[in-house]
Amino acid sequence: MFWKHLKINPRLTRLLRVYGIIYLCLVLILGSFILGWDFGSREGANKAAGKIVGEKNQEPTYNKDVNFNLYWNVLESVKNKFVAQPVNEVKLFYGSLAGMVASLGDPYSVFLEPQISKEFHQELSGEFFGIGAEVGIKNDQLTIIAPLEDSPAERAGLKSIDKIMAIDGLLTSGMPLDEAVSKIRGPKGTIVKLSISRNGLAKLQEFFITRDKIVIKTVRLSFHENNKIAYIKISQFNEDTLADFNRTVDKVLRSSAKKIILDLRNNPGGLLDSAVNVASEWLPEAVIVVEKFASGEEKIYKSDGGGRLRDLLTIVLVNGGSASGSEIVAGAMQDYNQARLLGEKTFGKGSVQDLSQFSDGSSLKLTIAEWLTPKKRSINKTGIAPDIEIKPTEEDIKADRDAQLDKAIELLK
């Protein structure tokens, strides 16, 4: 040993010998641990999909019929044997993740590839390229929830509840929602052809729509009846809505208006926080919405205070394009008798999506719960019926007359 050649006293020699043996044992133990960990991680990579999240250090669990080696076998077969070579492995990988989520059978649970994920986050920030229409799945059919105000979709004549049967000639039956959105969007100046089925039309109608930059101005304000009625139109609940709405409330309070029409027609929803904050201006210290999970657990979202508009008589306009966040606001106002709802039954999009973004830029939008109004009424699929039902007639549409708004003004005079 090396310490035999050192000129040190015998006692120190014995100590070094002991510490040397201890050091050697530690190296051997640590080396064994590292080798074992490396093997375990590689082995676990084939089983990771079955892991239960939540309990710390819990071992993954799997259904006995699930063999994750099959995934790798199929992947290798496709990669090596498919007739059109070379196969794009990245596309295969993302496609397998999208297929896994699609197998849930829920149109609002989707895996978003990095580019689609980027477009989705741009939309939440209030700016993107496309035709300016919110789409969803209703009765298993790709459907226009609402065209955005002053968008190419609205100018082309698309309407809420229009059914999109084909995109550029490609049938939409069975098409995942995220794929449909991706095909409808595109660079500024390009054209997309939508084949539309509409109630009252005997055959499909073709719409050729030029894509453009969509900048969403979410809150608009005007006054009626000699400034006695404030008309607030909210087209979507995105990241800019709260700031725009706060400025709008300030203008209303500085005006002579004592009554409000809150227009949530064709508002497809958006961010929960924005919807809760808007409702809070009428409902201080109140439950705005309840989130109910599959386990039966409930999470309550309360007003943030606000209450600046609680003493102003209010009518809320809704229709079949009012969905998600707008249904949360309308449902809470109706439950507390804070406002009367006027118009048509809402869309019925009352499921809750959790959005997770990953390191490669992809995202997972997963339905984890459903919305309930403060009185525990379910929004999902059923929608919310208005207190006063007013449906536009063919004469109203031809005359470009807003019968619902006219009725609201009449009731508030």
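For a footprinting-style exposure proxy, rank 281, 154 by other Cβ within 10 Å, fewest first.
Lowest count first: 154, 281.
Using a Förster radius of 45 Å, what is the FRET efficiency between residue 199 and residue 115 based on their Cβ-Cβ separation? Nearest 0.05, please.
Efficiency for this residue pair is about 0.80.
Report ³J(HN,Hα) in whole Hz for each residue of region 196-213, in order, from the Karplus equation J = 6.51 cos²θ - 1.76 cosθ + 1.60 where θ = phi - 60°; Gly and Pro get x.
Result, ordered by residue: 10, 9, 9, 4, x, 9, 6, 9, 4, 10, 8, 10, 9, 10, 7, 5, 8, 6 Hz.
Under the 0.36 nm per residue contour assumption, what length would be gained going from the current alpha-carbon distance of residue 140 and residue 398 to full extension?
Net length gain for the segment: 89.8 nm.
For region 279-348 and region 237-274, what is the separation of their C-alpha centers, rounded to whole Å?
Each part's Cα centre sits 13 Å from the other's.
Using θ = phi - 60° and the Karplus curve 6.51 cos²θ - 1.76 cosθ + 1.60, what whole-Hz ³J(HN,Hα) does each residue of region 72-81 get, with Gly and Pro shown as x?
Those phi angles translate into 5, 5, 5, 4, 5, 5, 4, 5, 9, 10 Hz.
Residue 250 versus residue 76, label points 7 Å from Cα toward the beta carbon: distance in nm?
6.5 nm
Which residues' amide hydrogens lie under 5 Å from the amide hydrogen of residue 289, considering only partners 5 or more residues apart or on another chain, with H built in the peptide plane?
Placed amide hydrogens put 301 under 5 Å from residue 289.
Can you sort 201, 92 from fewest to most other Cβ atoms within 10 Å of each residue's own Cβ?
So the ranking, lowest neighbour count to highest, is 201, 92.
Between residue 67 and residue 243, 0.36 nm times their residue separation minus their Cα-Cα distance comes to what?
58.3 nm
Between residue 258 and residue 188, take the C-beta separation as r, use R0 = 45 Å, and let me know the FRET efficiency to the nearest 0.05.
0.55
From a point 7 Å beyond the Cα of residue 356 in the direction of its Cβ, which residues of region 77-101 have a backbone N at a distance under 19 Å?
The answer is 93-101.
Region 324-413: which chymotrypsin sites (Phe, Trp or Tyr not before Pro) are DSSP loop and have at most 15 other beta-carbon atoms within 10 angstrom?
Passing both the DSSP loop test and the Cβ count: 358.
Would you grab the residues whose amide H sits under 5 Å from the one on residue 314? Only those 5+ places off in sequence or on another chain, please, with H modelled 1.01 Å from N.
So residue 314 has HN proximity to 260, 340.
Would you order 333, 100 from fewest to most other beta-carbon atoms within 10 Å of each residue's own beta-carbon?
Going from least to most buried by this count: 100, 333.
Could you please state, rounded to a whole Å, how far the C-alpha centre of region 177-214 is from the C-alpha centre of region 63-106?
30 Å
If packing is taken as the average count of other Cβ atoms within 10 Å, what order do 375-383, 387-395 fall into, highest mean first?
375-383, 387-395
Can you work out ³J(HN,Hα) from phi for every residue in region 98-108, in order, using Karplus 6.51 cos²θ - 1.76 cosθ + 1.60 and θ = phi - 60°, giving whole Hz and x for Gly and Pro?
5, x, 4, 6, 5, 5, 5, x, 10, x, 9
Just so you know, all these numbers are worked out from the coordinates, no wet-lab data involved. None of these values were measured; they are calculated from a predicted model. Cβ sites come from the backbone with ideal geometry, for glycine too, and all protein chains shown count toward neighbours.
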